[in-house]
Structures are given as structure tokens and as C-alpha cells.
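Only one structure is covered here, and it is reproduced in the block below.
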Amino acid sequence: MGYVTPEQIAQAKEWDLLTYLQRYDPHQLVHVGGSTYCTREHDSLKISNGKWNWFSRKIGGKTALDYLIKVQGFSFTEAVEALTGPNFSPPSPAPQARPKEQEPRKLVLPQSSRCATHVVSYLHGRGIDYDVIDYCIQTGRLYESLPYHNAVFVGRDRQGQPRYAALRGIIGDFKGEATGSDKRYSFAIAEDSAVPSVHLFESAIDLLSYATLLKMKGRDWRQDAMLSLGGVFKQKQEFVIPMALSQYLQDHPGVHTLCLHLDNDEVGRDAAAGIMAGLGDRYEVLDRPPPSGKDVNDLLLQRRLGQAKRKEEWSR
């Protein structure tokens, strides 16, 4: 077991995490907004005001030493040695420059099946309208993967390039993201860039469920802008804005109204409160969770079931 001196420990504790990453691993830094950053490896790990918090794991700290031990799994001695080795200079004169410009991640999309029979059947079984499903397939937003036949929901940047893909298993509870996914560009349907409002959902399936509900009301659902946040997490502080939403608002400066359709559970309510606290002074933020059920898909299935019951009554 190694040994470190009190002087080395004191030197290691001088490193705050932002300075450490700016100087030695700037590619890990992702600017969220204002003075807040997250890391590419863990987008729920936020760095702000000299502290860091990994919200999904409910841990945090102030120093790079804390980060190496709690997040990277270093032992105390290993972390101190890493921060005081011959390649490290003291952090006091650390440059104040911003992190290097981010390079686009290389997205590795799963192989596509020649047809999407399994995915279409799965999504329709969850109440989603065939026209909504077909539209997503025809526009390249949705396909069926091989060899596992997962539903793949593709998100694109403003140039139309795929940058993100959410994976949903059609059997069981599998959920994941394709390698190289950039969460800033999550699954969305927003054909008219001038629409002044955007509807926000935790998942692509909730988004498609909402589109189906609009169609059931006789509305042209393509006229609404809808964005999946790619999941949310329980927050420990205010002003934490999902990366997908921050990017969308940057790309669509004409938006002034946000309609939140997040889940009716603790995490969804907490995330909605965080968005309202962080953006309520600049946007009209409407909290519109489903009136019944856990999420928008639950609401859709309830209403579909109600329709089926009425049709059964009419046929008698």
C-alpha cells in the first residue's frame, strides 16, 4: 500500500473539479448553461459554484480528490498520487479559458431490419396510432434493429444528421442508448421551426402517445413541436435543465412557451419543478402532467380502452 505525505494531501485538496477537468480532461466537460457544467460520461453529474453533485447517485463533493474517489473509484492514496504526480502543476495559476469546443460524438446506430413488423406491432399494442408510427418510420425517426428487434428512436441535429438514438426492447423492460449518443439531440417531432411552444416528455413513447391523443381529438399533430428529454432524474438542486431542452431552446430562439407532460411520480414531479424554477423567469412554463395514470402512455391506453368499451356497447 502506498504512502502519501500531509503536504501531498494538502496539495491534492487544492484542486476543484472544474479546474482539474479544464486543464487535464477538457473533452469531458459539457457546458449546460451559465456557470454549470456536466460530464460526457455522466450527464447527471453537475459542476457549479465550486461544487459537484452526481444526482443520479446522490453523491457530491467540492474537490477533484472527492471526484476521483467517489466517481472514478480511486483509493485515497491513488487519488492523491494522481493529483500530485510529476505531470501535475499546482492549480493556483490555472487558466480561466473555457473548455475546448466540443467535437460531435460518433454515433453508432444499430443495424436496421428490412422491415419493422415487430416494432409496429409493439407500439400499436401500446395504443399508438398506425399513422403516427408510419410517419416516424418514413421520416427516419424510427426503425427496428437487428438482431434484437428493438425500437430505435433517432434524434437529429439542425442539419438533419443523426446524433442520438434511444433503444426500447419490445419484450421485457430493456431501455438504452446507442453508443455515441449525444443527449442534447433527443428524439423529437418539430417540423415547423417557428412554432412558439414545445411539448416535453420523458420518453419517445410518451411523445408518440401524445401525438395519438391529438389525432383522436381530430387535430393535426404535425403542427405541434414535441421533444423527448430522453429520461429525467431526481434533482437535488434547482436550475438544472435537461440537456435536450437546453439545446432545443438554443436552436429555436422563437420559443416562449414550454408545456411539461412529465410523469406522475416523484421523479417526474421533481424534474418539472426544476425546469419551472430554472426557466420560469424567461419562459411561460405550463405544468401539464397526465390527468390520470403514471404517464402519457397510461393515459392513452385508458382512453383507448374507454373507446373500445363504448364500441362494444354500441355493437350490442
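The values are calculated or read from the model by the stated rules, or taken from the named source; none is laboratory data. Fair warning: this is a prediction, and the values are worked out from it, not measured in the lab. Because the Cβ atoms are built from the backbone with ideal geometry, glycine has one as well, and the counts that use them run over all protein chains shown. Accessible surface areas use protein heavy atoms only, side chains included; no ligands, DNA or RNA. Shrake-Rupley method; radii C 1.70, N 1.55, O 1.52, S 1.80 Å.
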Check: Using only helices, what value at 222 nm comes out for the chain when you add -39,500 (n - 2.57) per DSSP H run of length 4 or more and divide by the total residues, to the nearest 500 deg cm²/dmol?
Finding: -10000 deg cm²/dmol
Check: How high is the relative contact order of the chain, in percent, counting Cα pairs under 8 Å that sit 6 or more residues apart?
Finding: 12
Margin query: Apply the Karplus curve 6.51 cos²θ - 1.76 cosθ + 1.60, θ = phi - 60°, to the phi angles in the range 13-27 and return the couplings in whole Hz, x for Gly and Pro.
Written below: 6, 6, 7, 7, 5, 4, 4, 4, 6, 4, 7, 10, 8, x, 5
Next item on the list: Taking a cut-off of 18 Å between Cα atoms, list the aspartates and glutamates near Lys294, but don't count ones fewer than 8 places away on the same chain.
Entry: Asp173, Glu202, Asp206, Asp263, Asp265, Glu266, Asp270
Checklist line | Of all accessible heavy-atom area on the range 116-315, the percent that carbon and sulfur account for (1.4 Å) | finding: 50
Note to self: With an 8 Å Cα cut-off and a minimum separation of 6 or more residues, compute the relative contact order for the range 6-83 in percent.
What the structure shows: 28
Item checked: Neighbour count of at most 13 Cβ within 10 Å plus DSSP loop: longest GluC sites (Glu not before Pro)-free window in the chain -> 102-190
Notebook entry, point to check: What list of ³J(HN,Hα) couplings, whole Hz, do you get for the range 43-56 from phi and the Karplus terms 6.51, -1.76, 1.60, once you set θ to phi - 60° and write x for glycine and proline?
Noted result: 6, 8, 8, 9, 10, 7, 6, x, 10, 9, 9, 9, 5, 5
Check: Out of residues 5 or more away from Leu286 or on other chains, whose amide H comes under 5 Å of its own, with H placed 1.01 Å from N in the peptide plane?
Finding: Leu258, Cys259, Leu260
Next item on the list: Taking H placed 1.01 Å from N in the peptide plane, check which residues at least 5 places from Phe74 or on another chain put their amide H under 5 Å from its amide H.
Entry: Ile69
Margin query: If I ignore ligands, DNA and RNA and count only protein heavy atoms, how much of Tyr20 is accessible to a 1.4 Å probe, in Å² to the nearest 10?
Written below: 40
Margin query: Going through the cross-link list Lys62/Lys106; Lys46/Lys175; Lys46/Lys183; Lys58/Lys175; Lys13/Lys106, which pairs have a Cα-Cα distance over 25 Å in this structure?
Written below: Lys62/Lys106; Lys13/Lys106
Notebook entry, point to check: Based on the Cβ-Cβ distance from Leu109 to Thr5, what FRET efficiency comes out when R0 is 51 Å, to the nearest 0.05?
Noted result: 0.50
Margin query: List the residues, sorted by chain then number, that are 5 or more residues from Asp16 or on another chain and whose placed amide H is less than 5 Å from its amide H.
Written below: Ala64
Margin query: I'd like to check one number: the per residue accessible area of the chain, probe 1.4 Å, reported in Å² as a whole number.
Written below: 52
